1. Could you tell me whether any residue of segment 366-386 is under 29 Å from residue 237 (Cα atoms), in contact with a helix residue (DSSP H, G or I) (Cβ under 7 Å, 6 or more places away or on another chain) and either assigned by TED's automatic domain parsing to the domain that holds residue 177 or surrounded by fewer than 20 Cβ atoms within 10 Å (Cβ to Cβ) (or both)?
2. Kindly list the number of the only condition in (1) touching a helix residue (DSSP H, G or I) at 6+ places or on another chain (Cβ under 9 Å); (2) in contact (Cβ under 8 Å) with a residue 12 or more places away in the chain that fails for residue 222.
3. I'm trying to understand the selection: among the residues of segment 371-398, which are assigned to a helix (DSSP H, G or I) and over 14 Å from residue 360 (Cα atoms)?
4. Would you tally the residues in segment 311-342 being over 19 Å from residue 388 (Cα atoms) and buried (at least 17 other Cβ atoms within 10 Å of the Cβ)?
5. When segment 275-288 is examined, which residues are found to be surrounded by fewer than 24 Cβ atoms within 10 Å (Cβ to Cβ) and touching a strand residue (DSSP E or B) at 6+ places or on another chain (Cβ under 9 Å)?
6. Residues of segment 391-419 being under 16 Å from residue 354 (Cα atoms) and at pLDDT 95 or above, which ones?
7. Within segment 229-264, count every residue that is without any contact (Cβ under 8 Å) to a residue 24 or more places away in the chain and more than 24 Å from residue 217 (Cα to Cα).
8. For segment 334-351, indicate whether the set of residues that are touching a residue at least 60 places away in the same chain (Cβ under 8 Å), more than 16 Å from residue 313 (Cβ to Cβ), under 26 Å from the mean Cα position of the chain (by Cα) and not assigned by TED's automatic domain parsing to the domain that holds residue 17 is non-empty.
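The values are calculated or read from the model by the stated rules, or taken from the named source; none is laboratory data. Quick caveat, the model's predicted, so the values are computed rather than measured. Quick reminder, even Gly has a Cβ in these numbers, built from the backbone with ideal geometry, and neighbours come from all protein chains shown.
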């Protein structure tokens, strides 16, 4: 099987939709020897920030000399981004080989009366096979969606992390913060330490209650761990960290936005828990790992004629963080907003947060069957700003936004990662930069 053939096979599996539950993935993993039970795993969930936190935890472990795998989703430009070891993506031929090896098991399951595993379940099983074969010391595993219902939740981790809980994916997770928090808390396993940056009282109560029931020590940002923002620029920011056993000043991350400092503190708290379990993590590795963090399409500034800020703010809490960053880092800029979101999001609230900060809004359609009535957002935007356009094609929408820019304007491209990924390619090409 060649890589392109493997990608077509995986794409075809999307016909099985988002079918939650652990029965299919558990059966598939049983047939291939339960590789997930043979890897030390750090399981990272939450509504926002889990990808950045995953990258930071993995970066520090790598800097400390460990062989570290990461499994993240979705990808931006290539499926191979999902599987990395010490920052290096899996080879395409290896992906094809893993799919070819799993395919007979998938066919056998169907023949024996099981439901066919979904595309994400197959991707997750591939991750466990790959990282076991590559003998990683640690796997930093990002939850796909939710927690208890996500196919990554078959693991017995050494640490569980819940970055935060906000309103998102309500069609699948629930319509209140409490309902969503219960699903997110599903990654908490008996006796396994938990780290969280969740701050909303009703969410914290669910996490604390689950930890009490399962006998899990809980490290809570704001109570056990604190941080303070320092100087910042468009290249990144300094911050101070007051942790469980370490106090570190003038730490640097090449990411902008206050929420990234919270993510960094969450990563450091997770690493401190690891240190308490005998993992050697010198201060040099902590500083170097954070300093070298790369996590594109999250408040990423590209070019200067015009400057384009790309951010996957795919829900209301993400939009609030983006608005805060616009006010803090770009107070003198007029904003041209290019926005496209999926239909299962709080689109009206996102528009209400971002449109008033814009002088011109371009609404576009995410490349996803979940796009819904994407043009409805234009009507919402017109409540706050006079100039609103709808351009269905993402490339044309981004180029239109860039062409509208004048001196002193910032083009901000945001929304669903399905849209942002394609938009980022357009911006990189326009600036003669490699994708």
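1. Residues of segment 366-386 under 29 Å from residue 237 (Cα atoms): none.
No: segment 366-386 contains no residue that is under 29 Å from residue 237 (Cα atoms), in contact with a helix residue (DSSP H, G or I) (Cβ under 7 Å, 6 or more places away or on another chain) and either assigned by TED's automatic domain parsing to the domain that holds residue 177 or surrounded by fewer than 20 Cβ atoms within 10 Å (Cβ to Cβ) (or both).
2. Failing condition for residue 222: (1).
3. Our first condition is that a residue be assigned to a helix (DSSP H, G or I); within segment 371-398, this holds for 376-381, 394-398.
Answer for segment 371-398, where residues must be assigned to a helix (DSSP H, G or I) and over 14 Å from residue 360 (Cα atoms): 376, 394, 395, 396.
4. In the first step, residues of segment 311-342 are kept if they are over 19 Å from residue 388 (Cα atoms); the result is 311-318, 320-322, 324-332.
In the following step, the residues that additionally are buried (at least 17 other Cβ atoms within 10 Å of the Cβ) were identified as 311-318, 320-322, 325-326, 329-330.
Selection size over segment 311-342: 15.
5. We begin by selecting, within segment 275-288, every residue surrounded by fewer than 24 Cβ atoms within 10 Å (Cβ to Cβ); these are 275-285, 287-288.
277, 279, 283, 287, listed by residue number.
6. To start, the set of residues in segment 391-419 that are under 16 Å from residue 354 (Cα atoms) comprises 401, 409-416.
Answer for segment 391-419, where residues must be under 16 Å from residue 354 (Cα atoms) and at pLDDT 95 or above: 401, 409, 410, 411, 412, 413, 414.
7. Keep residues of segment 229-264 that are without any contact (Cβ under 8 Å) to a residue 24 or more places away in the chain, which gives 230-231, 233, 235-236, 238, 240, 242, 247, 249-250.
Next, from what is left, pick out any that are more than 24 Å from residue 217 (Cα to Cα): 230-231, 233, 235-236, 238, 240, 249-250.
Count: 9.
8. no
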